Amino acid sequence: MKNNKIFLMGMLAFVFVILTACGNVTEDSDVESNHMSSDNDGMQNENDNVPGQESTQDSSLTSPETETNFFEDWEGKKQGESAEEQNQEEPLEEYVPNEDDVVYKNNELKNKDMLEAFMETAGENGQDNESEIRVVKDEGDQGVLIYDLKSGYEKSVDQAWIMVNTDLSYYRAAEDEVQDVFNTNQQCGYMSKDEIEGNYKLHECKTHWEYRLIPTVDDNEVE
């Protein structure tokens, strides 16, 4: 009887030890599980805080229509800024004519006699001539067109010409510009005065068969 009691007490102690061990394993598992869950939450928070990185759900909220409207607004803003810059262009520098410049302004012509003297001998109208002259055409708010004319002659080939250098630094073309303007340097054959049309003309030029330089305005000569 005594032996049975001792055996029973031993079995109870063994069972107690087993139960205690199982409880410790369960607690360790819970601790590990909680630790892993905390790590996963930390990693998720770090990903959320990475600059420039957006979640899949957030990306799906941006529609192509929204992007199109953004770029349209941006382009419209840029065009508006360009138009404003054009409206705020710096005023043109005023050109002050030299005393011997041929100047056409307000339907009046200054130094007409000098222009006609040049015309009679320059280019194919004369030989061995290296004279030069500056013609200034006032265009009001658009500024002035400046033409530097120089006569030349090559004896070896018996050829004469008029070189025309155009200075546009004091001139601003209008948006709806219709005036025929030399915008490159030219080599022309000769000059003439068209009494019927009322213009001094350059002939046989690089880009023009004839070019209307300035009006004659014979009745409005300014000395």
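Annotations
- Area accessible to solvent at Glu210, 1.4 Å probe radius, in Å²: 70
- When Ser169, Ser156, Ser192, Ser151 are compared by accessible area at a 1.4 angstrom probe, the order from most to least is Ser156, Ser169, Ser192, Ser151.
- Surrounding net charge for Ala117, when Lys and Arg each add one and Asp and Glu each subtract one, Cβ distance under 13 Å: -3
- Of Thr184, Thr166, the order by accessible heavy-atom surface (1.4 Å probe, DNA, RNA and ligands excluded), from most exposed downward, is Thr184, Thr166.
- Among the listed pairs Lys112/Lys201; Lys110/Lys155; Lys112/Lys206; Lys155/Lys193; Lys105/Lys193; Lys112/Lys137, those beyond 23 Å (Cα-Cα): Lys110/Lys155; Lys112/Lys206; Lys155/Lys193
- Sequence of Tyr104, Tyr211 when ordered by accessible area, the most exposed leading, probe 1.4 angstrom: Tyr104, Tyr211
The values are calculated or read from the model by the stated rules, or taken from the named source; none is laboratory data. Note that the coordinates shown come from a computational prediction; the quantities given were computed from them, not determined experimentally. Positions of Cβ are generated from backbone atoms using ideal geometry, with glycine treated the same way; all protein chains shown enter the neighbour counts. The protein model used for the area step is the full one, side chains on, heavy atoms only, and it has no ligands, DNA or RNA in it. Shrake-Rupley method; radii C 1.70, N 1.55, O 1.52, S 1.80 Å.
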